[in-house]
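Enquirer: Quick one: the structure is below, questions incoming.
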Amino acid sequence: MYDVKSFKAEEFISDEEIRDTLAYADENRDNVELIDAIIEKAKERKGLTHREASVLLACELPEKLAEIYALAEQIKKDFYGNRIVLFAPLYLSNYCVNGCVYCPYHLKNKHIARKKLTQEEVAAEVTALQDMGHKRLAIEAGEDPVNNPIEYILECIDTIYGIRHKNGAIRRVNVNIAATTVENYRRLHDAGIGTYILFQETYHKESYEKLHPTGPKHDYAYHTEAMDRAMEGGIDDVGLGVLFGLEMYRYEFAGLLMHAEHLEAVFGVGPHTISVPRVKRADDIDPAQFDNGISDEVFAKICALIRISVPYTGMIISTRESQAVRERVLPLGVSQISGASRTSVGGYASDEPEEITSAQFDVSDQRSLDEIVNWLMKLGYLPSFCTACYREGRTGDRFMALCKNMQILNCCQPNALMTLKEYLEDYAGEETKKIGMELIERELEKIPNPKVRKTAYEHIHDISGGKRDFRF
Ligand code: SF4
Ligand code: SF4
């Protein structure tokens, strides 16, 4: 039975409720009156339920789709302005005891290069990332209690936060590791992590069990209830995601929103971010094996609907997607993107030969961070390396309160400008620097609060003089 407040996976992600939702969505896909009412509700910027959003996902009426896209763009502008926050993944280890059929790190893959970074290698990776200009990382590791125990992850986090190279610093470490215990989540929280990210892969239990035939990840309930344990362990910023292509996208979409509704209903805080990865080619993985792949058009529709359904939740697009696809979905609600990513273990400090790769998937967007920053600015976006909320303790409900009061405009904008200025001073190429300086001049004017604007001017001036790390 469906119960949004239950702590049992099969009750808050009820298969029956998803099927009823999809049937309801099919019945109403051309119901213009209902669709208009749902779009009107979305305009209030308080989000949509999984049922309402599923009706819009089923709708194929061109004029209604145009309204949905326009609304997603408007909500994105209202909540996030033109800012795009940048981050990079850092792969610590690809040892893994699971059997996930879509990932080349699965246990049975005997020819992929297995690597685990030593602390010296972590330091080398972080130095290379700092030298590009990154301030925000997402660490990734396979599940392996012997090779990658929680102590190893904690030691790596400590190492990462401790590296200071020139003006570089990693100021926020998000963590993407396997579902674990409340106690381990507490230890991650105490280590000062930012967001805990765990992709559900698929919400469809039967498919989930087939796609994860062996290893601890086979346990659907343990995996699906992980965010509840993370919250119990004190982590109040959690990141959801499904791997589109594994199951029917409409099922996943409803499940994803139900998961968000569950977190909001139980903990009073929805997910901090939602990621929308699609299955990619990798070492022994061919995406064509999975027959639920989605087109770029459907992908864009999903991004737009996530934006209007959960306006306060950040949306992440990785370098799995090409430059063209990223350009298509950026205006529809994406708030964070990765840049210059390496999906191999140790890939930032040294290149590895193609024939002995340790990479998790092929990167589509292979540009350098400078190229990404330059590209974003030319498209009219403001690249941001901001980590201020986390460092000011504005996580979970305090962060959401800030968003809901729209105070974010007086925070995000100056923080984006100051962190961009740091990037331009320390890492940018000549052309990027020139475009960026002009952009900062223009964007400073957009800070609504005159006091904040004045302080931001002063800090930006001080950054030219060599000072760093200002934040609101
Ligand atoms: S998806 Fe994660 S758990 Fe599964 S094989 Fe890959 S690294 Fe291991
Ligand atoms: S001020 Fe907070 S919400 Fe805004 S970009 Fe920085 S960290 Fe994100």
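Bear in mind these aren't lab numbers, they're just calculated from the coordinates by the rules spelled out. Worth saying up front: this structure is predicted, and the values here are computed from it rather than measured. Note that we place each Cβ from the backbone using ideal geometry, even for glycine, and neighbour counts take in every protein chain shown.
Enquirer: Cut-off under 18 Å on the C-alpha distance; same-chain residues fewer than 8 positions from Lys467 excluded. Which lysines are left, in chain and number order?
Expert: Within the straight-line limit of under 18 Å, Lys467 reaches these lysines: Lys135, Lys166, Lys421, Lys433, Lys454.
Enquirer: Something else about it: In whole Hz, with x marking every Gly and Pro, tabulate ³J(HN,Hα) for the range 265-270 from phi via Karplus 6.51 cos²θ - 1.76 cosθ + 1.60, θ = phi - 60°.
Expert: 5, 8, 10, x, 9, x
Enquirer: Moving on to the next point. Return the sequence-ordered ³J(HN,Hα) values of the range 150-156 in whole Hz as given by the Karplus equation 6.51 cos²θ - 1.76 cosθ + 1.60 applied to θ = phi - 60°, using x for Gly and Pro.
Expert: Those phi angles translate into 4, 4, 5, 4, 5, 5, 5 Hz.
Enquirer: Can you compute the modelled spin-label distance between Lys41 and Asp190, with each label point 7 Å from Cα toward Cβ, in nm?
Expert: Output for this residue pair reads 4.4 nm.
Enquirer: Tell me the Kirkwood hydrodynamic radius of the range 1-143 in angstroms, computed as one over the mean inverse distance between distinct C-alpha pairs.
Expert: Here the Kirkwood hydrodynamic radius works out to 19.8 Å.
Enquirer: Per-residue ellipticity at 222 nm for the chain, helices alone: DSSP H runs ≥ 4 residues times -39500 (n - 2.57), over residue total, nearest 500 deg cm²/dmol?
Expert: -14500 deg cm²/dmol
Enquirer: Multiply the residue gap between Lys108 and Glu183 by 0.36 nm, knock off their C-alpha separation, and tell me the result in nm, one decimal place. Working shown, then result.
Expert: Numbers: separation 75, 0.36 × 75 = 27.00 nm, distance 2.98 nm.
Computed gain between Lys108 and Glu183 is 24.0 nm.
Enquirer: Given H placed on each backbone N at 1.01 Å, which residues far from Ile197 in sequence or on other chains put an amide H within less than 5 Å of it?
Expert: Here the answer is Val175, Asn176, Ile177, Gly239, since their amide H atoms fall under 5 Å of that of Ile197.
Enquirer: What is the set of long-range amide H partners of Thr202 at a cut-off below 5 Å, with H atoms built 1.01 Å from backbone N?
Expert: Leu243
Enquirer: Given C-alpha coordinates of the range 325-393, what is the ratio Rg to Rh with the Kirkwood estimate of Rh?
Expert: For the range 325-393, the value is 1.04.
Enquirer: What FRET efficiency do you get for Asn31 and Lys378 if R0 is 45 Å and r is their Cβ-Cβ distance, rounded to the nearest 0.05? Before the final figure, lay out the partial values.
Expert: On the way: r = 42 Å, r/R0 = 0.93.
Approximately 0.60, to the nearest 0.05.
Enquirer: While we're looking at this one, here's another question. Relative to the Cα centre, what is the charge dipole magnitude of the chain, using +1 at the beta carbon of each Lys and Arg, -1 at the beta carbon of each Asp and Glu, and rounding to the nearest 20 debye?
Expert: For this selection, approximately 1600 debye.
Enquirer: Set Lys and Arg Cβ to +1 and Asp and Glu Cβ to -1, take the dipole of the range 350-469 about its Cα centre, and tell me which of Ile435, Gln360, Tyr457 lies farthest positive.
Expert: The residue sitting most towards the positive pole is Tyr457.
Enquirer: Arranged from highest to lowest average of other beta-carbon atoms within 10 Å per residue, in what order do the peptides 214-223, 360-369, 445-454 appear? Before the final figure, lay out each step's value.
Expert: Details: 214-223: 17.1, 360-369: 18.7, 445-454: 13.1.
Sorting 214-223, 360-369, 445-454 by mean packing, highest first, produces 360-369, 214-223, 445-454.
Enquirer: Label Glu155 and Lys467 with points 7 Å out from Cα along Cα→Cβ: what is the distance between them in nm?
Expert: Here the answer is 3.9 nm between the modelled labels.
Enquirer: Assuming a ≥ b ≥ c are the square roots of the Cα gyration tensor eigenvalues, decide whether the range 412-472 counts as rounded (a/c under 1.5), prolate (otherwise, with a/b larger than b/c) or oblate. The partial results should precede the final answer.
Expert: On the way: a/c = 2.18, a/b = 1.43, b/c = 1.53.
Here the range 412-472 falls in the oblate category.
Enquirer: Right, here's the next one. Under 4.7 Å Cβ to Cβ, no partner at all: give me those cysteines from the chain, in residue order.
Expert: Cys59, Cys96, Cys156, Cys303, Cys386, Cys389, Cys403, Cys411, Cys412, each lacking another Cys Cβ under 4.7 Å.
Enquirer: Please give the contour-minus-distance gain from Glu73 to Met1: 0.36 nm per residue of separation, less the Cα-Cα distance, rounded to one decimal in nm.
Expert: 22.3 nm
Enquirer: Related question: Find the centroid of the Cα atoms in the range 423-472 and in the range 261-325, then give the distance between the two in whole Å.
Expert: Using only Cα atoms to place each centre, the spacing works out to 32 Å.
Enquirer: How would the range 9-76 be classified by its alpha-carbon gyration tensor: rounded, prolate or oblate, with rounded meaning a/c under 1.5 and the a/b versus b/c comparison settling the rest? Could the numbers behind the result be given before it?
Expert: Values: a/c = 2.46, a/b = 1.48, b/c = 1.66.
Oblate shape, in that a/c is at least 1.5 and b/c is the bigger or equal ratio.
Enquirer: Could you sort 192-201, 114-123, 28-37 so that the peptide with the highest average Cβ count within 10 Å comes first and the rest follow in order?
Expert: 192-201, 114-123, 28-37
Enquirer: Please report the projected area of the chain's Cα convex hull averaged over all directions, in nm².
Expert: Spelled out: convex hull of the Cα atoms, projected over all directions, averaged, 20.5 nm².
Enquirer: Contact order normalised by length for the chain, with contacts defined as Cα pairs under 8 Å and 6 or more residues apart; what percent is it? Intermediate values should be presented prior to the final figure.
Expert: Values: 868 pairs, mean separation 90.0, N = 472.
Relative contact order for the chain comes out at 19 percent.
Enquirer: In terms of Cα to Cα distance under 22 Å, which lysines are near enough to Lys110, apart from those fewer than 8 places away along the same chain?
Expert: Straight-line reach from Lys110, under 22 Å: Lys210, Lys217, Lys280.
Enquirer: Just for the chain, what percent of DSSP beta bridges are antiparallel, to the closest 5?
Expert: Of those bridges, close to 5 percent are antiparallel.
Enquirer: Let me ask you something else. Rounded to the nearest Å, what's the spacing between the alpha carbon centres of the range 155-197 and the range 62-109? Just the number, please.
Expert: 20 Å
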